[in-house]
Amino acid sequence: MTRLKEKLALVTGASAGIGAATARALAREGAQVVLAARRQERLQALAQELGSAEVVALDVRDEAAVASALAQRRFDLVVVNAGLGRGLGPLHAGHPGEWDEMIDTNVKGLLFVLRNTVPAMIEHGAGDVVLLGSVAGRQVYPGGNVYCATKHAVRAIYEALRLDAAGKGVRFTTVDPGMVETEFSTVRFRGDEQKASEVYAGMTPLAPADVADAITWAVTRPAHVNVGEIVLWPTDQASTRDVKRDRE
């Protein structure tokens, strides 16, 4: 299928997980994909797999680097996916360095990407912007504190974009998944694979391709249709706190 033929699509955080799956899905629809992330070797491997993707080694926390890489280009589609969680403990025992990392990536990094891509879309009068939120931006959970705060910020930014760019021809979508089996938990627990595997034990989480499918569906609707908010839960997950495990 080629519903995105001749469209230039940027995917941040494209080196793994949801970002990589989204890049694959958009490429299958005919988009020319620009892969952005810090791990250039992974991007190169994905670009080789896709055949014609462009690689941009980019840390979204670096405002000057984001501006240099993106500000002079016009994208038809931007998927702001780069994000992470660090730690899972009470706020009063938290680590300020981990807070900085989450806020700088999940909030400020998102803002830097938006600031350097949305103006060209508005000038052109068309485009799609997809923000990767989370159900953690709708419900908090024990130990989630600052991570949840960053995802609540993503939802607020999404709502602000809709107001600030109303009538400019640009569509904004937030996709908010529940538990997705990616490197997220491994990163959260700083490489502790045992802890990471326990997150998904006894239940069936979403796969990155499930989220990519939802994104692709949203951005291939007719131009007058803006799918604003998509919330995806694994069937085994009832809320951010309630997960049914070892279901017969």
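We did not get these values from a lab; they are worked out from the coordinates using the rules stated. Here the structure is a predicted model, which is why all the values come from computation and not from measurement. Counting neighbours? That spans all protein chains shown, and the Cβs are built from the backbone with ideal geometry, glycine included.
Among the conditions (1) touching a residue at least 60 places away in the same chain (Cβ under 8 Å); (2) in a loop (DSSP other than H, G, I, E, B), the only one that ALA212 does not satisfy is (2). Scanning segment 125-135 for residues that are of a type in the set (Ser, Thr, Tyr) and in contact with a helix residue (DSSP H, G or I) (Cβ under 6 Å, 6 or more places away or on another chain) turns up at least one hit. Answer yes or no: is there a residue in segment 165-177 that is basic (Lys, Arg), more than 21 Å from ILE103 (Cα to Cα), in contact with a strand residue (DSSP E or B) (Cβ under 6 Å, 6 or more places away or on another chain) and touching a residue at least 12 places away in the same chain (Cβ under 8 Å). Checking segment 165-177: at least one residue is basic (Lys, Arg), more than 21 Å from ILE103 (Cα to Cα), in contact with a strand residue (DSSP E or B) (Cβ under 6 Å, 6 or more places away or on another chain) and touching a residue at least 12 places away in the same chain (Cβ under 8 Å). The single condition among (1) touching a residue at least 40 places away in the same chain (Cβ under 8 Å); (2) closer than 17 Å to PRO208 by Cα; (3) among the aliphatic types (A, V, I, L, M) that ALA67 does not meet is (2). From the list THR204, THR182, which residue is over 19 Å from the mean Cα position of the chain (by Cα) and either buried (at least 22 other Cβ atoms within 10 Å of the Cβ) or in a loop (DSSP other than H, G, I, E, B) (or both)? Only one candidate qualifies: THR204. Only one entry of VAL78, VAL60 meets the criterion of being under 20 Å from ILE18 (Cα atoms) and in a loop (DSSP other than H, G, I, E, B), and that entry is VAL60.
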